[in-house]
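Values quoted throughout were computed directly from the atomic coordinates according to the rules given, and no laboratory measurement underlies them. Values in this document were obtained by computation on a predicted structure and should not be read as measured data. Here the Cβ positions follow ideal geometry from the backbone for every residue, glycine too, while neighbour counts run over all protein chains shown.
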Amino acid sequence: MSDVEFRRAVAADLPAVVAMLADDALGTTRESPDDLTPYERAFPAIDADPNQNLVVLVRDKVVIGTLQLTLIPGLSRKGTMRAQIEGVRVHSGERGTGLGTELFEWAIEESRKLGADLVQLTSDVKRPDAHRFYGKLGFSPTHVGFKLDL
């Protein structure tokens with residue numbers, strides 16, 4: 001789509017990004033768009049880290065999508081550089097228009113440019129529609145993930 005722009009997020013984008021993170025069944029339980037303080041604390045570290053790419057998708061100066069692309073250097077797989085995709089969201093009024101696919105195509109190509117040999121993501125087990133979408137994009141469900149809240 002030629003009418004959209006990908007760019008690195010800036011602090012002024014936080015309200016729109018957090019609103020998208022909160023705009024689904026899971027996000028409403030774990031995000032706080034009415035209190036941006038924790039996001040404002042986290043943003044400078046993300047922005048300063050060259051391996052973190054918090055990206056927004058913009059049309060007519062309005063943020064309509066976001067994702068975070070993280071480069072993870074490692075020794076396994078013969079020193080493979082991994083790209084981790086997280087926090088993918090498309091504004092609710094734009095869903096079903098192909099923007100999700102465009103976000104992933106951008107992220108995959110950007111991962112190649114940044115030297116990654118593998119693109120990976122995690123997805124909550126409560127998101128079967130997202131899992132089907134990732135499968136259509138060529139991702140395989142190869143692992144089981146575990147989390148420990150601290």
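What FRET efficiency would be calculated for the residue pair D23, T80, taking the C-beta separation as r and a Förster radius of 35 Å, to the nearest 0.05?
0.55
Treat each spin label as a single point 7 Å out from the Cα along the C-beta direction, and report the K126 to R41 distance in nm.
Reported label-point gap for K126 and R41 is 2.4 nm.
Test of understanding: what is the full-extension gain from V144 to Q52, defined as 0.36 nm times their sequence separation minus their Cα-Cα distance?
That pair, V144 and Q52, stretches by 30.7 nm at full extension.
Restricting things to Cα coordinates, could you compute the convex hull volume per residue of the stretch 65-121 in Å³?
It comes to 64 Å³ per residue, whole-number rounded.
Sorted by packing (mean other beta-carbon atoms within 10 Å per residue), highest first, where do 78-87, 25-34, 56-65 land?
56-65, 78-87, 25-34
So what's Rg/Rh here for the chain, counting alpha carbon atoms and using the Kirkwood radius for Rh?
Answer for the chain: 0.94.
How many percent of the alpha carbon pairs in the stretch 25-101 exceed a separation of 19 Å?
The proportion of pairs with Cα distances above 19 Å equals 52 percent.
Mean-square fluctuation check for the chain, GNM, Cα pairs under 10 Å: which of L114, L75, L54 is largest?
L75
Roughly how many whole Å is it from the C-alpha centroid of the stretch 79-150 to that of the stretch 1-44?
First find each Cα centre; the distance between them is then 17 Å.
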